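Here is the structure we will look at, set down as structure tokens.
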């Protein structure tokens, strides 16, 4: 296997496939991150400023506040699932192809 | 270190245990105490055996710090859960729910959401770039010595705060549960933890964390089954029973005070499921939430866990598992807390521990048949032993993180400039472990009786304001460099600590004395009135009632006078303030943006071409994981 010093980082970074991967990943990651932050902070904000809404009973004694708090768990798990699904199916495969080619070209240079 | 030496250690430790700690009264009745020791002994024996096996495998620094990257994603997921679910979160949150209902449950959410940040931006890049410590990531394209110094100091600061809270909390917990003296509890926790880390390094620490997480989850599932089965696993039916309980309604009434006068029993019960019983300052909640969701990703002992897996895919898988376990556990906690509120009752929970920490263990005792039953005390013993294992496992992870910063960053990286033999590396790691362990025990004993609850919040504040901005920006911002890291670490750490020092968390003698004086003055007026009532009381019943009121009044006056004497010559807080200068208990809202700003300003002022030139390499590596295994083997 190649040594770290032999890798042409600049070449990989300038590879259009790497740049496309980078763009796609950045958008996706920050999108999920911002969504999760906003959704999370709705809970303390709602509990403080929208108490009348949180108190509405929807299922026996279960009120909107409890449903919303439970939904935080479901959303967190859902985001984790979406991310890992996408990473396994798309990001890993594309990164592996770039790495394979980079290693091949290094082998050729030696 | 050989496994034979470990056998000698284990032998000495058991002698120490037999030598017999002194007992006081705990939650476990005296005649059932042997039961607790059997369960404790079994769990300690199991973890010791694992350490014995691990000790044979620990030969290099990489074995010691990160189990040579040989932990699987699933194993690491359980270990993260074991590392993260500290006694504060597992006993504390169940307790908050049992006393305050909805607000306690709401509090648990942030601890799970924190892992979204870890998953999306921290886990995989760190696996691809790092080796043993947080500073390894920072040192990648920056001046290694400078960033290692600030990174190590911040790691040691965060770990020490968290460690102190765990040691003090652990000592109090063991004392409350089984009545062992506080000092002895702290020493036993410290020595056990040292045994695991010193002999078994990360391999043993990982397994201790896994064992503890499995025990904790099993115990919780079992308890929830018992509590929920009578209601046919229906959430509304269970909650209807909870809010229909007179003990729950009485607790709500006592929390609301005068406001509850015109409420019906049904309204009082329903109020338990609504927000606002515990948290009165929403901004403080948001500030704490920020520290949680960003700070977890900057916790050195959590970051370190991602160096123990072989690839970024395993790091990802371990966060997914950790989120499933941690989230599932907090959902169970809702039932534990509510079940304790209904079956044990707030009065009984607070009688053992005012903060509610004993809700879970007392629920276990109730499920088994109550304080007088053998089964009840067996269950209590089991939960107590899990709590004990929890402290040891969390402390072991923290000590390993602090010791790696001391040995790998400061000694090997800065003092010896990386010129060390493999043998010396392992030796340095073990010596650092002993130093940190001894420090943990000393601080634990010195801090006896101190209120250390806010230290956990402080640890998260520093991690989110210093570590997180530095790690995030060095990974994702091309222009980030040594200047930014150094300034960010210093500003983030100092603002977080500084704001806490001037916050309402500290003790303000002037305010305490003023309110104590008020109590004394008010009593001077009401006491003669009550005494007149006593003389005029028509029958024995009324007399007893007034006598009781006088008793309560005398008690509060005595308490107030004690406060006045304690702070007689003292008017200002630790930093010389008469009242809080900063209104929030959690500094995150201000200190996190300041930390980010400091990294950005520092980077722009310092300018470093090398850091920018190395960006390609860092960015390609963190995204592709190219040659990551190679780097880990260095």
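The values are calculated or read from the model by the stated rules, or taken from the named source; none is laboratory data. Fair warning: this is a prediction, and the values are worked out from it, not measured in the lab. As a convention, Cβ positions derive from the backbone with ideal geometry for all residues, glycine included, and neighbour counts pool all protein chains shown.
Key figures for this structure:
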item: Hey, residue A:90 more than 7 Å from chain B (Cβ to nearest Cβ), surrounded by 13 or more Cβ atoms within 10 Å (Cβ to Cβ) and under 30 Å from residue B:240 (Cβ atoms) or not; result: no
item: Test for residue B:606: is it out of contact with any strand residue (DSSP E or B) (no Cβ under 8 Å at 6 or more places or on another chain), under 23 Å from residue B:297 (Cα atoms) and more than 14 Å from every other protein chain (Cβ to nearest Cβ); result: no
item: From the options B:496, B:535, residue that is assigned to a helix (DSSP H, G or I) and modelled with pLDDT under 85; result: B:535
item: The listed residue being surrounded by fewer than 15 Cβ atoms within 10 Å (Cβ to Cβ) and touching a residue at least 12 places away in the same chain (Cβ under 8 Å), out of B:548, B:579; result: B:579
item: Residue satisfying condition, being touching a residue at least 60 places away in the same chain (Cβ under 8 Å) and more than 14 Å from chain A (Cβ to nearest Cβ), within set B:225, B:193; result: B:193
item: Any chance residue B:341 is in contact (Cβ under 8 Å) with a residue 40 or more places away in the chain and farther than 27 Å from residue B:38 by Cα; result: yes
item: Tally of residues being under 17 Å from the mean Cα position of the chain (by Cα) and either closer than 15 Å to residue B:602 by Cβ or part of a helix (DSSP H, G or I) (or both) across region B:425-483; result: 16
item: Helices (runs of 4 or more DSSP H) fully within region B:92-147 counting 2 or more residues that are away from every other protein chain (no Cβ under 14 Å); result: B:134-139
item: Selection from region A:1-60 of residues that are in contact with a strand residue (DSSP E or B) (Cβ under 9 Å, 6 or more places away or on another chain) and within 7 Å of chain B (Cβ to nearest Cβ); result: A:54, A:55
item: Selected residue [crowded, with 22+ Cβ neighbours inside 10 Å, part of a helix (DSSP H, G or I) and within 26 Å of the chain's Cα centre (by Cα)] from B:239, B:215, B:177; result: B:177
item: Lone unmet requirement of (1) facing chain A (nearest Cβ under 9 Å); (2) crowded, with 24+ Cβ neighbours inside 10 Å; (3) within 30 Å of residue B:252 (Cβ to Cβ) for residue B:365; result: (1)
item: Residues (assigned to a helix (DSSP H, G or I) and more than 10 Å from chain A (Cβ to nearest Cβ)) located in region B:262-278; result: B:265, B:267, B:268
item: Matching helices (runs of 4 or more DSSP H) fully within region B:280-383 where at least 2 residues are within 26 Å of residue B:157 (Cβ to Cβ) and in the same structural domain as residue B:68 (by TED's automatic domain parsing); result: B:282-295, B:300-305, B:312-343
item: Within region B:281-328, tally of residues that are more than 24 Å from residue A:74 (Cβ to Cβ), crowded, with 24+ Cβ neighbours inside 10 Å and more than 13 Å from chain A (Cβ to nearest Cβ); result: 11
item: Residues of region A:61-77 classified as closer than 15 Å to residue B:105 by Cβ and either within 7 Å of another protein chain (Cβ to nearest Cβ) or touching a helix residue (DSSP H, G or I) at 6+ places or on another chain (Cβ under 6 Å) (or both), total; result: 10
item: Scan of region B:80-91 for residues that are part of a helix (DSSP H, G or I) and under 15 Å from residue B:328 (Cα atoms), ordered by number; result: B:80, B:81, B:82, B:84, B:89, B:90
